[in-house]
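Colleague: Quick one: this structure, given as C-alpha cells, is what I'll be asking you about.
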Amino acid sequence: MLKIGLIGCGYWGKHYLRILSRLPCELIGIADTDPQKKKLAESFGVKYFREIPKLLKKVDAVAVVTPPETHYKIARLALRRGKHVLLEKPFVFKSSQATELREMALNSRLVLSPGLVYLYNPAVIKLKKMIDQGTLGKIYYITLDWLNLGIIRHDVNALWNFGPHPFSILFNLINRFPEAVSAIGNDFIQKGIEDFVICNLKYPDGMIVGIKLSWLHPEKVRSITVVGSKKLAKFDDTSAASPLEIYDKGITPEEFKQAQNWENFAEFKSKTRYGAVEMPDLDKTEPLKDELLNFIAASENKEKLLATPETAVSIVRLLELVQKSLDKNGKIINVS
C-alpha cells in the first residue's frame, strides 16, 4: 500500500487530510510549520512533522498544499528524494520551473500531478465528451467566470489564484494553445495585486475565449458557457440540481441566410432553433477524492494520470502570457 504524506494543512489541506485518511493508502502524517497542527494530526491517528525532510524519509508520495511561493522548492526536494508528488495550484510561478519539475519526474519515472480538481468534475468530463463527439458542433466561443467575495490573497493576484482552474478546464476541453492573449485588471484593495481581471484568448480557427476572475464579486460564480453551431452548453458548479445544461438552440450562418427576410422579432424566433434543454445524468462523486484516487493509482502504476505535468506546464505558460499583457495594460501578446 502506498505510503503518503501531506505537506501543508491549512484551509484546503484539511480537505486533503480528511479524504486521504479514508482512501486505500497508508497516510503516514502531515508536515506543517504550525506546531498546533500536531493536535490535528493526532486526531486523525497520524504523525506530525515540523520538518519536511523527516516526513520524506517515511513516505513514497506526498501531496503538497502549501503557499504557492513554496511549491517549486518543496516539489523539487521531494522529486530529488524519489517521491511521487501531487502539487496544488498554482503549480509554480514560472514555466521554466514547471518544465524542470516535469523533466525531473520523467527522468526519475516518478508521478508528478498538478492539483487540478475540476478535471475530475463529472460535469466537466461530460462536457468534454460532448465537444469531442461534435455534439455542440463547431465551437464559436467560450466564456468562463470565476468570481467570489474573498478570500483576498496577499501572495498572488486573482489571475494566479483563480486562473489555474478555468485554464485547466479550457485546455481539457479544446486541447490547444491560443494564438494571442490580452488582459486588463486593477488592484483596488492592495497595491500591485489585481483583484479583478478580464482576459481574452484568440485561436487560429477564429474561436474566442473570454475569462473573468475576481474575489470582489457579490456572489460565488463558477460557470462556463460554450456556444457551438449545433447546441449551447452551460456549466454551473454552484447548481446542485443541474450543473450542466445543454440547449438545443442557436443559429448557424446557413440558417441565418434562410431566415434573413423576417419582418419582425416573432418571425425571427419562429425561424431560429429553440429546442429542449437537456440536463444529463451525472455521477455523484467528490472530485477531490477522485483526484487523489487517480494520483494514488498512478503512483502504484495502475492508472494513467488525468491531470498531467504537461497540462501544468501549459497552464503556467498561459498564466505568464496573460500576466505579461496585464502588466502592459492590455497589450495583445502574440503566442510564438
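Colleague: Which one of Asp248, Asp281 is at pLDDT 70 or above and assigned to a loop (DSSP other than H, G, I, E, B)?
Modeller: Result: Asp281 is the single residue among Asp248, Asp281 that is at pLDDT 70 or above and assigned to a loop (DSSP other than H, G, I, E, B).
Colleague: Condition check: within 22 Å of the chain's Cα centre (by Cα) and touching a residue at least 12 places away in the same chain (Cβ under 8 Å). Does Arg76 satisfy that?
Modeller: So Arg76 passes the test.
Colleague: Next question, about the same structure. Give the residue, chosen from Lys212, Lys289, that is under 21 Å from Leu319 (Cβ atoms), among the basic types (Lys, Arg) and at pLDDT 90 or above.
Modeller: None of the other options fit; the residue is Lys212.
Colleague: Report yes if Ala233 is crowded, with 22+ Cβ neighbours inside 10 Å, within 17 Å of Leu136 (Cβ to Cβ), modelled with pLDDT of 95 or more and of a type in the set (Gly, Ala, Ser), otherwise no.
Modeller: yes
Colleague: Also, quick follow-up: Inside region 1-80, counting only helices (runs of 4 or more DSSP H) that do not spill past its ends, which hold 1 or more residues that are small (Gly, Ala, Ser) and surrounded by 15 or more Cβ atoms within 10 Å (Cβ to Cβ)?
Modeller: 13-20, 37-43, 71-80
Colleague: Let me ask something else about it. Would you be able to say whether some residue in region 175-182 is at pLDDT below 95 and either assigned to a helix (DSSP H, G or I) or acidic (Asp, Glu) (or both)?
Modeller: Checked against the condition, which is being at pLDDT below 95 and either assigned to a helix (DSSP H, G or I) or acidic (Asp, Glu) (or both), region 175-182 yields no hits at all.
Colleague: Further question: Which of the following residues is of a type outside the set (Lys, Arg) and touching a residue at least 60 places away in the same chain (Cβ under 8 Å): Glu69, Glu42, Glu26, Glu51?
Modeller: Selected residue: Glu69, the only one of Glu69, Glu42, Glu26, Glu51 that is of a type outside the set (Lys, Arg) and touching a residue at least 60 places away in the same chain (Cβ under 8 Å).
Colleague: Is there a residue in region 69-78 that is farther than 21 Å from Val156 by Cα and of a type in the set (Asp, Glu)?
Modeller: There is no residue in region 69-78 that is farther than 21 Å from Val156 by Cα and of a type in the set (Asp, Glu).
Colleague: When region 183-211 is examined, which residues are found to be under 30 Å from Leu136 (Cα atoms) and either of a type in the set (S, T, N, Q) or part of a loop (DSSP other than H, G, I, E, B) (or both)?
Modeller: If the condition is that a residue be under 30 Å from Leu136 (Cα atoms) and either of a type in the set (S, T, N, Q) or part of a loop (DSSP other than H, G, I, E, B) (or both), then Asn200, Tyr203, Pro204, Asp205, Gly206, Met207 are the ones that fit.
Colleague: Are there strands (runs of 3 or more DSSP E) fully within region 82-171 with at least 2 residues that are within 19 Å of the chain's Cα centre (by Cα), outside the structural domain of Gly10 (by TED's automatic domain parsing) and surrounded by fewer than 24 Cβ atoms within 10 Å (Cβ to Cβ)? List them.
Modeller: In region 82-171, the matching strands (runs of 3 or more DSSP E) lie at 139-149.
The values are calculated or read from the model by the stated rules, or taken from the named source; none is laboratory data. Owing to the predicted nature of the structure, the values given are computational and were not obtained by experimental measurement. Here the Cβ is made from the backbone with ideal geometry for all residues, glycine too, and neighbour counts use every protein chain on show.
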